[in-house]
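The values are calculated or read from the model by the stated rules, or taken from the named source; none is laboratory data. Fair warning: this is a prediction, and the values are worked out from it, not measured in the lab. Cβ placement follows ideal geometry from the backbone for every residue including glycine, while neighbour counts extend to all protein chains displayed.
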Amino acid sequence: MRHSQVQISLPRTLRRWLSTTRVRWSITTAVALCSLAWTVSTVNSADVAASAWGQRKTVPVATSDLEPGRVITAADITFVDRPIAVVPNDVAVSPIGRSVTRSIARDEVVLERRLAGGSATGPVSQLDGNSLAFAIPSDASTPPTRIGDHVALYAPSEVVATSTRASGPASRIADRAVVIAVSEEAITVGVVIAEASAVAKALLSASVLIALAD
């Protein structure tokens, strides 16, 4: 009989214990600590993800495909945050008003290497400080080209022969000239200054052949 009374009294004791202020405070504190632990874990996970990418940098990005010769306006670019780990070193600082020398795809970061410097316009705007432009007369052998294409230039070996050029009927006088203007009469290309002398000599003495290059 006593044993049955003990069994019946246990739930009442438990209810009485749970109803005390100290117990309710303990339970509330435990729930709060669990919530805090979850929040800290979430923040730490975000910090780990951010650390994996590193710091971010605001960079100019093209809003549409930009072809060589285009002068960039405010509508052509937008500024977005990108992880520094994936941003090239030569991000354009002030691209607005400058001419595109190499094609820039939509959503691509605008780089200094794809732009001409200064406020110049036209073909000269696509030259950097280490290049000169030459107009190569067009003929039936000239391949179709467009602004921004890279081409190699060849000339008769007897005209431009040097100790560093291999013997043969023709010698390459420019490796990666860039097309900066196209007309029916000529293809204007920019070459580095180191190749300018050979290109000028070939144009004065003989014809120059244009070959498309990657």
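In the stretch 164-204, the residue that is nearest to Leu127 (Cα to Cα) out of those that are among the hydroxyl-bearing types (Ser, Thr, Tyr) and part of a loop (DSSP other than H, G, I, E, B) is Ser183.
Looking only at residues of the stretch 101-110 that are modelled with pLDDT of 85 or more and of a type outside the set (Lys, Arg), we find that the one that is surrounded by the most Cβ atoms within 10 Å (Cβ to Cβ) is Ile104. Listed conditions (1) surrounded by 10 or more Cβ atoms within 10 Å (Cβ to Cβ); (2) aliphatic (A, V, I, L, M); (3) modelled with pLDDT of 60 or more are all met by Ala75, apart from (1).
When Ser207 is evaluated against the numbered criteria (1) assigned to a strand (DSSP E or B); (2) hydroxyl-bearing (Ser, Thr, Tyr); (3) at pLDDT below 85, which criterion, by number, is the only one it fails? Condition not satisfied by Ser207: (1). Going through (1) in a loop (DSSP other than H, G, I, E, B); (2) of a type in the set (A, V, I, L, M); (3) at pLDDT below 65 one by one, Ile96 falls short only on (3). For the stretch 56-72, taking the residues that are over 30 Å from Val191 (Cβ atoms) and of a type in the set (Val, Ile, Thr), the one that is surrounded by the most Cβ atoms within 10 Å (Cβ to Cβ) is identified as Val59.
Taking the residues in the stretch 63-92 that are in contact with a Pro (Cβ under 9 Å, 6 or more places away or on another chain) and not acidic (Asp, Glu) as candidates, determine which candidate is nearest to Arg176 (Cα to Cα).
Gly69
Of the set (1) modelled with pLDDT of 90 or more; (2) hydrophobic (A, V, I, L, M, F, W, C); (3) within 22 Å of the chain's Cα centre (by Cα), all apply to Val86 but (1). Among the residues of the stretch 57-110, the ones that are free of Cβ contacts under 8 Å to residues at least 40 places away in the same chain and among the basic types (Lys, Arg) come to 4 in all. Among the residues of the stretch 133-149, those that are crowded, with 16+ Cβ neighbours inside 10 Å and not in a loop (DSSP other than H, G, I, E, B) comprise Ala133, Phe134, Ile136.
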